[in-house]
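Written below as structure tokens is the structure these notes are about.
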């Protein structure tokens, strides 16, 4: 039975049939179903806030980049007044993609099909043969501009949504904002991209990558075993480094905070409580921060945030629906610790394909040499050739394929590793807090957020 | 308004290097040796003889693969981006990558390994001021098959190499891989190009 609050597939299956809240299981069918994909485009990617890039990609007036919001191509432009607009990159005349370049600078965007022209804020300027009224007289010019998205800039990151009536960006981040601010809003001048993103395709459903991004820790121990075996992370034992605190929310966001004392021998005295925050910062600065930049952290964060960033910084996590966040330490032989900052978006390109888009960032105020080192290590570890992530891209297509089997489609993915350790009483931050060894709670929260959106009235 | 106000027509042509530089003729002894080096290299990589391949790299190696972007004809020079790249490697980092594959039992991206075929063609060689160093352009079409996939993944590129004579053969001192795709059709670059 069809009602407005439920999504029902043509065979009668509902979202609640696919996602069993009581047993924390998701039917494997949810990964590959093309009908479900179509609904996701409208109810998830048509409704929620999406990460599209960073404002440092378009520093000057007239600069533009083109990206995807779900399946919709969008044009992102810098205005004369320095604000940023995001608009549907589809000509209202006959549906041609107006701008066919990835990036550039232009005052006017002209559709190559019939020549309709738009200002870089999306306003319709005119069509050729103006005297002959090519665009007609039925609609006023004001109605012929490019469809605008709702935009929010957060820590320099460009977010947009088609949902003008939906939650504000702050409401979308909810309690998790307290943690994200520690990463994106901690320095005076913030982050910048070190170049355009790497982009490549994987023959996998977007949700395989995205539920993993919601802080799946277990896969690190097996899929990324070489990190202990060869790179000698955690002195060869990755298990010890998987103890920490995971924070999450019912909006599907999450971060894994990992105690520095578990990772580095330089930080072994962090536990005894005798060191001040300033002393700890000087020994192991948070990923991406140099010693010279420490006063900025003190200015921009609360003492509670700063204390957590020093002792147990967020290292990996996700932002619903399709963002992976990586703030990773890479210790150097000379004792220096380089911090990698990277964001991935996993863009759906059909039920069986995703585009992996990898942004590499650094603090604007970091010295050039530090940025270049961070960039090189980020390229070597993450993204297209990244030694960590090249392994992930083989698992996701297999899952996407197996989800189609007559038998396999009915088996369930299980998120039944539940955290039972109570949160530390001195934990300073808000949101849902999961203490101890990494478990499945944060990924389960991702599915609950997905379920909420999919069940919401269209 | 007129069309000219909407569509810029002043497409400027950038200054380019001379079309025929100090070409080493096709079929000359040096050319043949270089072609053989590139064919052997392709064979070693396709056969996953990675340590043999590393032995052909010079210790001052720069090995990069710029990101590509779709740009207008007028801005086509900016389609090659050398900030964030797909590969940004040195001799030491390449050895690290190879070591991960050869010395662990968990380099899953290539275990089981891809079946690859590197087709090297259109080799053009230029001499340089150093008689032992050659600038070499080659086209590479790399096909890749994983698991039961029947459709080959394809990647085409031009490689701008610097080969340095070492005794009777050469070593690779520099390689820049200019790929043709802005969005790579490979799910990763766990193989070398």
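Odds and ends about this structure:
- The range A:166-214 shape via C-alpha gyration tensor axes, a/c threshold 1.5: oblate
- Beta bridges by DSSP in chain B, antiparallel share as percent, to the nearest 5: 90
- The Cα-based radius of gyration of the protein assembly as shown, divided by its Kirkwood radius, gives an Rg/Rh of 0.98.
- Simple label model, 7 Å out from Cα along Cβ direction - residue B:59 to residue B:20, nm: 4.1
- Inter-label distance for residue B:151 and residue B:78, nm, one decimal - labels placed 7 Å from Cα along Cα-to-Cβ: 3.3
- Label-point separation, residue B:121 to residue A:42 (7 Å along Cα→Cβ), nm: 4.8
- Centroid-to-centroid separation of the range A:79-105 and the range A:416-451 [C-alpha atoms, Å]: 40
- Other protein chain C-beta atoms within 10 Å of residue C-beta, averaged over A:375-382: 4.
- Percent RCO, i.e. relative contact order, over chain A, from Cα pairs under 8 Å lying at least 6 residues apart: 21
- Prolate/oblate/rounded call for the range A:229-325, Cα gyration tensor, a/c under 1.5 rounded: oblate
- Residues listed by number, the range B:44-83, amide nitrogen under 16 Å from residue B:180 label point at 7 Å toward C-beta: B:68-70
- To the nearest ten degrees, helix A:441-455 and the longest principal axis of the Cα atoms of chain A are 20 degrees apart.
- Shielding score for B:91-100, defined as the mean number of other chain Cβ atoms within 10 Å: 2
- Semi-axis lengths (Å, descending) of the ellipsoid that matches the C-alpha gyration tensor of the range A:100-246: 46, 20, 16
- The value of relative contact order for the range B:27-184, using C-alpha pairs under 8 Å at least six residues apart, is 25 percent.
- Rounded to the nearest 10 degrees, the angle from helix A:392-402 to the longest Cα principal axis of chain A is 60 degrees.
- Residues A:248, B:93, A:342, B:28 arranged by fewest to most Cβ contacts within 10 Å: B:28, B:93, A:342, A:248
- Taking the helices alone, chain A has a mean residue ellipticity at 222 nm of -6500 deg cm²/dmol, built from -39,500 (n - 2.57) per DSSP H run of at least 4 residues and averaged over all its residues.
- Helical runs (DSSP H, four residues minimum) scored at -39500 (n - 2.57) apiece and divided by the length of chain B put the mean residue ellipticity at 222 nm at -6000 deg cm²/dmol.
- Cα gyration tensor, the range B:49-193 - rounded (a/c under 1.5), prolate or oblate: oblate
- In terms of packing, defined here as the mean over residues of other Cβ atoms within 10 angstrom, the peptides A:128-137, A:7-16 line up highest first as A:7-16, A:128-137.
- The C-alpha atoms of chain A define a longest principal axis, and helix A:34-43 lies at about 90 degrees to it.
- If a spin label sat at a point 7 angstrom from the Cα of residue A:414 along the line to its beta carbon, the backbone N atoms of the range A:14-37 nearer than 16 Å would be those of A:20-28.
Since every read-out is calculated from the coordinates, none of them should be taken as a lab result. Everything numeric in this text was worked out from a predicted model, so none of it was measured. Positions of Cβ are generated from backbone atoms using ideal geometry, with glycine treated the same way; all protein chains shown enter the neighbour counts.
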